[in-house]
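The structure appears below as structure tokens.
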Amino acid sequence: MISGEYLVLKGAHSLALPLKFSQEISVTEQSGVHSVKWESLINNNIWFQTTLLLPDLQISETNEAILAGTLVKILKVAQALNPGFLESSCEYQVTSVMDFDPAWGIGSSSSLISNIAFWADCDPFELNNLIFNGSGYDIACARSHSPIIYKLERNKPIYREANFRPDFRNQLFFVYLNRKQNSRESVGKADLSGISPVTISEISAITIGLEEAKDLETFQRLLDKHEQIMSKILHTEPVKSLYFSDFNGSVKSLGAWGGDFILAASDEVEQYVFNYFNSRNLNTIFRYDEIIMFQ
């Protein structure tokens with residue numbers, strides 16, 4: 001999410017970018033104990049396994065109890081949305097394959113929700129809302145192949161393809177802060193009760209401005225303005241002021257403030273950007289075209 005973090009829940013427009021990273025699941029049905037045998041792999045390495053006994057989805061065995069509990073919750077809600085889901089008296093073998101580190105906070109939960117909803121033949125936004133009660137922008141991204149403009153209208157997702165493939169995208173970089181941030185906890189701690197319609201309109205205008213920006217200078221000015229507005233709302237210093245005050249360019253928090261990724265925009269040469277963040281032991285840096293999906 002490039003713009004609209006937190007305030008998308010209040011109806012602000014958000015600019016969101018789907019990523020080239022992916023999570024896919026494959027499901028086979030075979031004779032055996034009525035159960036779900038789940039296996040998750042990251043870059044072909046197994047990191048999570050569980051066996052859930054049907055019809056009650058009782059955890060029989062697992063190597064990660066918390067993850068297994070979350071999976072059970074998702075599957076039970078999917079069953080509530082589609083009572084015919086998991087009714088066949090068979091052994092479901094499910095393999096989930098992911099090509100990115102879930103610690104990065106770039107959509108492992110939302111892509112899982114999207115995949116399970118597709119498997120269960122239910123509405124992914126409804127499933128997500130019942131599980132995580134978020135804005136759903138990440139669900140829209142999981143189903144999109146290009147940047148989107150997203151908003152909630154009467155708590156229903158409204159989104160369209162964004163006309164966003166900036167000529168200056170080689171001057172945009174995504175930097176991982178080596179800190180995983182729980183978005184749901186972060187949003188829960190933010191007091192958004194007093195947000196005025198004027199502020200929502202300001203953020204929405206910035207979102208459309210970012211979409212339409214023709215040059216890096218305009219884009220940076222809008223990023224900086226967005227950070228200033230959110231800083232006052234969250235009573236938190238912008239990430240650039242806190243950690244990167246000497247960086248020659250703009251730095252913006254992405255999603256929940258305080259962790260995951262930041263967006264760095266600079267008219268300096270690429271090597272300056274890499275050297276700057278590497279010198280602060282931030283070594284997971286992606287160029288725009290490396291990770292952003294666009295048609």
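When the range 278-295 is limited to residues that are on the phi < 0 side of the Ramachandran plot and in a loop (DSSP other than H, G, I, E, B), the one that is modelled with the lowest pLDDT turns out to be 295. Just for the range 82-100: of the residues that are buried (at least 18 other Cβ atoms within 10 Å of the Cβ), more than 14 Å from the chain's Cα centre (by Cα) and touching a residue at least 60 places away in the same chain (Cβ under 8 Å), which one is farthest from residue 10 (Cα to Cα)? Top of the filtered list is 92. Residue-level analysis places residue 252 outside the set of residues that are without any contact (Cβ under 8 Å) to a residue 24 or more places away in the chain and either hydroxyl-bearing (Ser, Thr, Tyr) or within 25 Å of residue 199 (Cβ to Cβ) (or both).
Inspect all residues belonging to the range 219-235 and state whether any of them is assigned to a loop (DSSP other than H, G, I, E, B) and either under 23 Å from residue 21 (Cβ atoms) or modelled with pLDDT of 95 or more (or both). Among the residues of the range 219-235, not one is assigned to a loop (DSSP other than H, G, I, E, B) and either under 23 Å from residue 21 (Cβ atoms) or modelled with pLDDT of 95 or more (or both), which makes the answer no. If we keep just the residues of the range 101-158 that are within 25 Å of residue 200 (Cβ to Cβ) and acidic (Asp, Glu), which is nearest to the chain's Cα centre (by Cα)? Checking each candidate, the answer is 138.
Considering each of 232, 225, 214 in turn, give the residue that is under 21 Å from residue 151 (Cα atoms) and over 21 Å from the mean Cα position of the chain (by Cα).
Checking each option against the conditions leaves just 225.
Tell me whether the range 106-125 contains one or more residues that are touching a strand residue (DSSP E or B) at 6+ places or on another chain (Cβ under 7 Å), under 20 Å from residue 24 (Cβ atoms) and of a type in the set (Val, Ile, Thr). Yes, the range 106-125 contains a residue that is touching a strand residue (DSSP E or B) at 6+ places or on another chain (Cβ under 7 Å), under 20 Å from residue 24 (Cβ atoms) and of a type in the set (Val, Ile, Thr). Residues that are modelled with pLDDT of 95 or more and crowded, with 19+ Cβ neighbours inside 10 Å within the range 37-53 comprise 37, 38, 50, 52, listed in sequence order. Flag: residue 32 matches the condition of being at positive phi, assigned to a loop (DSSP other than H, G, I, E, B) and assigned by TED's automatic domain parsing to the domain that holds residue 110.
The values are calculated or read from the model by the stated rules, or taken from the named source; none is laboratory data. If you're wondering where the values come from, they're calculated on a predicted model, not measured in any experiment. Heads up, the Cβs are rebuilt from the backbone with ideal geometry, glycines too, and the neighbour counts pull from every protein chain shown.
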